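Below is one structure, written out as structure tokens; comments come after it.
The values are calculated or read from the model by the stated rules, or taken from the named source; none is laboratory data. Quick caveat: nothing in here was measured; it's all calculated off a predicted structure. For neighbour counting, all protein chains shown are included, and Cβ atoms are generated from backbone atoms with ideal geometry for every residue, glycine included.
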Amino acid sequence: MRRSEPESRQFFRERYGRDRLAATREVERRVLGHEVGINGYTTVEQAEGLASELELTPDTLLLDLGAGRGWPGTFLSWSTRCPVVLADVPLEALRAARGIAESRGVAGRTRAVCADGAALPFRGRPFRAIVHADVFC
Ligand SMILES: C[S@@+](CC[C@H](N)C(=O)[O-])C[C@H]1O[C@@H](n2cnc3c(N)ncnc32)[C@H](O)[C@@H]1O
């Protein structure tokens, strides 16, 4: 079933507003090896592939568009030390993303921005790399 844009926004707001179950977090730890707040299908292996394809380094400012709770942006920042901007619409997602960034120790190089991909609020071309994981689904 295809959701309209307002239905989709509501869906994600409610989803991110719910606390993640301890069981969900445990599954992430066991299956992915990391607790990442995932809300899609991008695996750790694929995220590592992105890091290598995009040649992420501490000098690469990365935009994770539709980051949800920060996957894969916070992971990429942790693994490559790149600074990252996490952009999504629901504040509930961005709050959770900030918590995950703190727990991963990357909060200092992470910014969470409430932004719609259709009208990004960034001037110029500040990003050296952009990822979007399971956003157009
Ligand atoms: C399936 S989730 C994937 C979230 C995260 N990337 C992950 O893999 O866990 C899709 C995300 O895209 C976001 N999204 C959808 N349309 C968007 C838009 N126009 N601008 C920014 N984010 C959008 C949703 O709010 C949602 O968080």
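For this structure, a couple of remarks:
- Filtering segment 14-24 to residues that are within 16 Å of the chain's Cα centre (by Cα), within 19 Å of Tyr41 (Cα to Cα) and in a helix (DSSP H, G or I) leaves Arg15, Tyr16.
- Segment 49-59, subset more than 21 Å from Arg98 (Cβ to Cβ) and either crowded, with 17+ Cβ neighbours inside 10 Å or under 14 Å from the mean Cα position of the chain (by Cα) (or both), residue nearest to the ligand (Cβ to nearest atom): Leu50
- Residue within segment 100-109 that is within 13 Å of the ligand (Cβ to nearest atom) and in contact (Cβ under 8 Å) with a residue 24 or more places away in the chain present: yes
- Restricting attention to segment 29-48, the residues being acidic (Asp, Glu) and either at pLDDT 90 or above or over 17 Å from Ala96 (Cα atoms) (or both) number 2.
- Condition met for Arg95 (surrounded by fewer than 19 Cβ atoms within 10 Å (Cβ to Cβ), more than 22 Å from Leu50 (Cα to Cα) and in contact with a strand residue (DSSP E or B) (Cβ under 9 Å, 6 or more places away or on another chain)): yes
- Hits in segment 14-64 - residues which are more than 15 Å from Trp78 (Cα to Cα) and in contact with a helix residue (DSSP H, G or I) (Cβ under 6 Å, 6 or more places away or on another chain): Tyr16, Gly17
- Summed over segment 38-50, residues that are within 24 Å of Arg95 (Cα to Cα), out of contact with any Gly (no Cβ under 6 Å at 6 or more places or on another chain) and not hydroxyl-bearing (Ser, Thr, Tyr) total 4.
- Those residues of segment 110-137 which are farther than 12 Å from Asp64 by Cα and in contact (Cβ under 8 Å) with a residue 60 or more places away in the chain, in sequence order: Pro126, Cys137
- In segment 67-86, residue farthest from the ligand (Cβ to nearest atom) [restricted to those that are crowded, with 24+ Cβ neighbours inside 10 Å and among the small types (Gly, Ala, Ser)]: Ser77
- Among the residues listed as Ala112, Ala133, the single one being surrounded by 14 or more Cβ atoms within 10 Å (Cβ to Cβ), touching a Pro at 6+ places or on another chain (Cβ under 6 Å) and not basic (Lys, Arg): Ala133
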